[in-house]
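Scroll down for the structure; my scribbles are underneath it.
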Amino acid sequence: MTRLVVGPFNRVEGDLEVTLDIADGLVRAAYVNSPMYRGFEEILVGKDPFDALVFAPRICGICSVSQSTAAARALAQAMNIEMPENGERAANLVLAAENLADHLTHFYLFFMPDFARDAYAGRPWHPSVKTRFAAVKGSATTDALPARAGFLTIMGYLAGKWPHTLAIQPGGSSRSVEEAERIRVCALLIEFRGFLERRLFGDRLEAVTALNSEPALRSWMKQRPPAASDFRLFLEIADDLALGRLGRAADRFLSYGAYPLQGKPLFGRGVWDDGMAPFDPANVTEDPTFAWMDGPGKPLHPSEGVTRPHAEKADAYSWCKAPRLAGKTMETGALARQMVDGHPLIRDLVATSGGNVRNRVIARLLEIARVVPAMEQWARALKPGEPFCRQGPFPDEACGVGLAESARGSLGHWLTVSRGRIQNYQIVSPTTWNFSPRDAAGMEGPLEQALAGTPVGDGEAVPLAVQHVVRSFDPCMVCTVH
Amino acid sequence: MTEMLNVVWLQSGGCGGCTISLLNSDSRDLFGSLEAAGLCFLWHPALSEESGAEALEVLERCASGAERLDILCVEGSLLRGPRGTGRFHMLAGTGLPMTAWVKRLAAQARHIVAIGSCASFGGITAAGANPAEACGLQYEGELPGGLLGPRYRSQSGMPVINVAGCPTHPGWVTDSLMAIAMGSFDGGDLDEFNRPRLYTSHLVHHGCNRNEYYEFKASAEKPSDLGCLMENMGCMGTQAHADCNIRLWNGSGSCVRGGFACVRCTEPEFEEPGHPFARTPKVAGIPLALPTDMPKAWFIALSALSKSATPKRVRDNAVADHQVVVPQTKKPGPR
């Protein structure tokens, strides 16, 4: 058995270190370390509850709106108010813009450049992948960055700026929209759809969302050559490198449900564990056993969670606590969201090969194709002149839970207010779930499970397969510990 | 052909949002333009191919002086805790605090640029009781000092260049880096907090699209109102140094255009305003913090005068989320 410490991981958000125990060319055990602690949960204590809207987005520059959304929902629950329809649509548009931009950033800037590495020279697809996806210099960067930035001008209209907007309020959006702006947002979505259909998919979005099984995906892939679209090129690589057999965790999936409108989410809420089950927030706990954290030493529900750093704690190996749902690890993200929502392509892929590197990437791209048409509808349905934001008093004593789906998955904020001030604020982020350390029972977190069995080539200091597995989760390390 | 400048970018106690914001640049070819301007990114944690040992090799070459380091960019505050050990951020794969890496690299760098308010002053991570002992590269809040100390100078003789903002506008970063690359940037280009004057010589107030409401002191009372955000909603745009309403964000936005207060995120200690962010502190109905360089008595006198002169259109629209009265077309009079 040899031990390899890998880090820093480039092209993930924030810093990450993974320790691998390797024998006979395979990872036998992995220990995932989130090596940075800032202390937002400590900082928020004693603040005015609305100040959470300034602090929460700044937990993370890449999922700032998700953090705003969770904070606003926690406040809304404490205030017992709901958004008007315009507010819901505007807030959905802003969150969707962030989530899709993140999916795009992940695919083009973070994930695909690994296949352009010289280590893959000799693979039939390598020359075209190197031209297209080489880090920073590939042609895809020059295509995707302006498309992303153009798409994000939606934020200029609906959120003031991104990252770190304060537009998402408990009662709706602080940014009302005029008719000319509604039309501009629709125009931006037309432009973005054009980029996606030309470069990413090489087909209509509706043709992608209609794919309902692995065979259907395969026949769609073969309709045009791999170079005809970035998605097809990925599928060719995935086949050649068997990415569908890499990085499987426990196949338990969690989604809080996404993009609500009049009480109904676009993507459903629930848990997949060999079949669908309802999600009960009461079953969420965080276990501090292997985190550099003091506390009562037993798993706690976030509403009574404690964050007290203890850097010298023996046996701990991460700043990240270990979230569990009824004692079990959960994988979260686009794959989980589409699995829980029951998209037939994702259900079929997971039934055949489980959650793995290939299926995580497919789910992300599928989600782009599913969400853009919904955004088009929300934008068209905005009604200038009707309210965007409701108001209400804030009680001196209150609790609130804010659940949201960010690009990377399920995000929860648990808020307690006493005498008009924040008494406790606990955050459980998507990558906290995915990159959790072990718990008291020794159960590994999802990435740790997924890395076990990953091949490591002779003399590989930074094993490529390990990098694919890590990046397939699209980790956000700054959210993980916060 | 100008000589290429080697750039290394590190991230520590922040959110990564300044890098993410940089990617929102309206350039048609961001990286191509930076390279053409003479900036060669040896390593950036969110963008470069190199990972793990490959990345550490780049950092080691620069830290040891084997490779020239022209510009060191640091994003995020420096985490000195707990109790000065720096353990709150150990750079992955090295077993060393990030603060130690930054000190080594700072000793070699020709220029050092703090990207964002965290790296400049400590920023949001230094809020509250500052549990992570966060500070900036050369400031701790408003006080000179920080990780590198007040006397630190990079090889160029310059102090740390503080591109403050939470997050930074992409243009503040690209313009500052390009100014350095053009060799035309010196101490005279920095303001009293060592921020590039190229964006801090303006106030957020300049170009504010709520200016008519400001003039008449027609104020918003709740989120989504169209009125001026200063009197009630916590806006500090008249005191914040930045050109947010001149450059604009994400095409056509800014905080005040998004309907919420400027929290003066380019200023040191913005994270602790001493009052809830979205509520203006007042004494006897007068906001405590008045516009930079405006005498208080004049402000009060002008406010009273302009409030009494406010047109109905402006007064009504200020507390609505859409124009309930649109500007009238003047009826043609007798010729």
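Here B:Ile246, B:Ile286 are screened, and the one residue that is more than 26 Å from B:Arg195 (Cα to Cα), surrounded by fewer than 20 Cβ atoms within 10 Å (Cβ to Cβ) and among the aliphatic types (A, V, I, L, M) is B:Ile286. Just the residues that are in a loop (DSSP other than H, G, I, E, B), more than 7 Å from chain A (Cβ to nearest Cβ) and in contact with a strand residue (DSSP E or B) (Cβ under 6 Å, 6 or more places away or on another chain), please, taken from the range B:1-53. Residues satisfying the conditions are B:Met4, B:Ser12, B:Gly14, B:Gly38, B:His44.
The residue of the range A:19-43 that is farthest from B:Gly274 (Cα to Cα), among those that are of a type outside the set (Phe, Trp, Tyr), more than 7 Å from every other protein chain (Cβ to nearest Cβ) and touching a helix residue (DSSP H, G or I) at 6+ places or on another chain (Cβ under 6 Å), is A:Val27.
Put simply, of A:Ala314, A:Ala322 the only residue that is within 25 Å of A:Asn33 (Cα to Cα) and at pLDDT below 95 is A:Ala314. Summed over the range B:90-114, residues that are in contact with a Lys or Arg (Cβ under 7 Å, 6 or more places away or on another chain) and polar (S, T, N, Q) total 1. Every condition in (1) surrounded by 17 or more Cβ atoms within 10 Å (Cβ to Cβ); (2) within 14 Å of another protein chain (Cβ to nearest Cβ) holds for B:Ala129 except the one numbered (1).
Residue check: is B:Leu30 in the same structural domain as B:Pro150 (by TED's automatic domain parsing) and more than 21 Å from A:Ala101 (Cβ to Cβ)? Against the criterion (in the same structural domain as B:Pro150 (by TED's automatic domain parsing) and more than 21 Å from A:Ala101 (Cβ to Cβ)), B:Leu30 does not qualify. Determine if the range B:245-265 includes at least one residue that is within 30 Å of A:Pro384 (Cα to Cα), more than 13 Å from chain A (Cβ to nearest Cβ) and in contact (Cβ under 8 Å) with a residue 12 or more places away in the chain. Yes. Entry remark, the range A:8-29: residues being surrounded by fewer than 24 Cβ atoms within 10 Å (Cβ to Cβ) and under 22 Å from the mean Cα position of the chain (by Cα) number 0 in total. The residue that is nearest to B:Ala100 (Cα to Cα), among those in the range B:54-77 that are touching a residue at least 60 places away in the same chain (Cβ under 8 Å) and in a loop (DSSP other than H, G, I, E, B), is B:Gly76. Checking the stated criteria, A:Leu261 turns out not to satisfy the condition of being surrounded by 19 or more Cβ atoms within 10 Å (Cβ to Cβ), touching a residue at least 60 places away in the same chain (Cβ under 8 Å) and not basic (Lys, Arg). Taking the criterion of being in contact (Cβ under 8 Å) with a residue 40 or more places away in the chain, assigned to a helix (DSSP H, G or I) and charged (D, E, K, R), would at least one residue in the range B:91-103 satisfy it? Yes, the range B:91-103 contains a residue that is in contact (Cβ under 8 Å) with a residue 40 or more places away in the chain, assigned to a helix (DSSP H, G or I) and charged (D, E, K, R). What about A:Asp239, is it within 21 Å of the chain's Cα centre (by Cα) and among the acidic types (Asp, Glu)? Considered against the rule, which asks whether it is within 21 Å of the chain's Cα centre (by Cα) and among the acidic types (Asp, Glu), A:Asp239 comes out as no.
Within the set B:Asp186, B:Asp191, B:Asp175, the sole residue that is modelled with pLDDT under 95 and surrounded by fewer than 20 Cβ atoms within 10 Å (Cβ to Cβ) turns out to be B:Asp186.
Report whether or not B:Glu192 is farther than 25 Å from B:Gly253 by Cα and either acidic (Asp, Glu) or part of a helix (DSSP H, G or I) (or both). Taking the combined requirement at face value, the residue satisfies it. When B:Leu59, B:Leu91, B:Leu72, B:Leu78 are checked against the criterion of being surrounded by 17 or more Cβ atoms within 10 Å (Cβ to Cβ), within 14 Å of another protein chain (Cβ to nearest Cβ) and under 17 Å from B:Phe41 (Cβ atoms), a single residue qualifies: B:Leu59. Considering every residue within the range B:103-115, establish whether at least one is within 14 Å of chain A (Cβ to nearest Cβ) and closer than 19 Å to B:Leu22 by Cβ. Among the residues of the range B:103-115, at least one is within 14 Å of chain A (Cβ to nearest Cβ) and closer than 19 Å to B:Leu22 by Cβ, which makes the answer yes. Of the candidates A:Ala96, A:Ala78, the single residue that is part of a helix (DSSP H, G or I), of a type in the set (A, V, I, L, M, F, W, C) and in contact with a Cys (Cβ under 7 Å, 6 or more places away or on another chain) is A:Ala78.
For B:Cys135, the conditions (1) within 14 Å of chain A (Cβ to nearest Cβ); (2) touching an Asp or Glu at 6+ places or on another chain (Cβ under 9 Å) all hold with the exception of (2).
The values are calculated or read from the model by the stated rules, or taken from the named source; none is laboratory data. Because the structure is predicted, anything quoted here is derived from the model rather than measured. Neighbour counts run over all protein chains shown; Cβ positions are idealised from the backbone, glycine included.
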